[in-house]
1. Could you please let me know if residue 39 is part of a helix (DSSP H, G or I), within 21 Å of the chain's Cα centre (by Cα) and of a type in the set (A, V, I, L, M)?
2. Check whether at least one residue in the range 5-13 is assigned to a helix (DSSP H, G or I), surrounded by 10 or more Cβ atoms within 10 Å (Cβ to Cβ) and within 18 Å of the chain's Cα centre (by Cα), and report yes or no.
Amino acid sequence: MEIAIVVALLIGVGSAIATLMLGGKSDENYRGAAKRNSINLSLIYTVVIILSFAALGIYLVWFV
């Protein structure tokens, strides 16, 4: 059991170090890509919420 905990801790520490090393590198197009991704996600969430409300309305009218 102790070996599994030590291995898990080593993997966690290694992952944290790798993440920090990769995170230190900057990308010139990051701002534009992040903005585009945010817009795409917002549109997806908007469509999903509208469809969810429509499905809820149909369920309430026809099945309740």
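1. It is true that residue 39 is part of a helix (DSSP H, G or I), within 21 Å of the chain's Cα centre (by Cα) and of a type in the set (A, V, I, L, M).
2. no
Every number here is computed from the coordinates shown, using simple stated rules; none is lab data. Quick caveat: nothing in here was measured; it's all calculated off a predicted structure. Every residue, glycine as well, gets a Cβ built from its backbone with ideal geometry; the counts of neighbours run over all protein chains shown.
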